[in-house]
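Student: One structure is given below, represented as structure tokens, and several questions about it will come after.
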Amino acid sequence: MPSLLGSVEPPVPCARCLKQTPGLKWGDLCADCQAELRRRASPLARGISLLAALLVIGYAWLRIVPLTVRSRFWVAACAIATYFLVRKIVSQVAMEYLRNKSRA
């Protein structure tokens with residue numbers, strides 16, 4: 001049976017700013033530092049994902065010879081999916097890069 005005192009955890013320092021935050025795990029960032037990293041990573045992710053979506057549209061424009069209404073719909077759907085997927089991936093990679101860069 002776990003003790004009641006074991007559930008109360010002392011505040012842990014943020015890995016970046018060293019601010020004591022309750023409920024934080026060792027090596028994690030506080031909410032303020034995560035928001036700062038997200039704010040810095042967002043323009044990069046937005047630009048790269050827009051470029052990837054435009055590349056999908058350009059590839060489809062050059063490769064799909066009979067550009068029908070149905071194929072245009074699928075190209076648009078693929079471009080939108082590419083935009084959001086690449087934005088999510090680049091945002092996570094940029095946040096990890098910026099997090100590790102600030103430690104060094």
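Student: Picking from Arg70, Arg40, Arg87, which is most flexible by a Gaussian network model of the chain using Cα springs under 10 Å?
Tutor: Between Arg70, Arg40, Arg87, it is Arg70 that shows the largest mean-square fluctuation.
Student: Taking a cut-off of 23 Å between Cα atoms, list the lysines near Lys88, but don't count ones fewer than 8 places away on the same chain.
Tutor: Partners found: Lys101.
Student: Moving on to the next point. Could you work out how far apart the two model spin labels at Leu55 and Thr68 are, taking each label as a point 7 Å from the Cα in the direction of the beta carbon, and quote it in nm?
Tutor: Distance between the two pseudo-spin positions: 2.9 nm.
Student: On to the next question. If amide hydrogens are placed 1.01 Å from N in the peptide plane, which non-local residues have theirs closer than 5 Å to the one on Lys19?
Tutor: Cys14
Every number in this text was worked out from the coordinates using simple rules, so none of it is lab data. Treat the numbers as computed from the prediction; the structure is a model and nothing was measured. Using ideal geometry, Cβ is built from the backbone for each residue, glycine included, and neighbour counts are taken over all protein chains shown.
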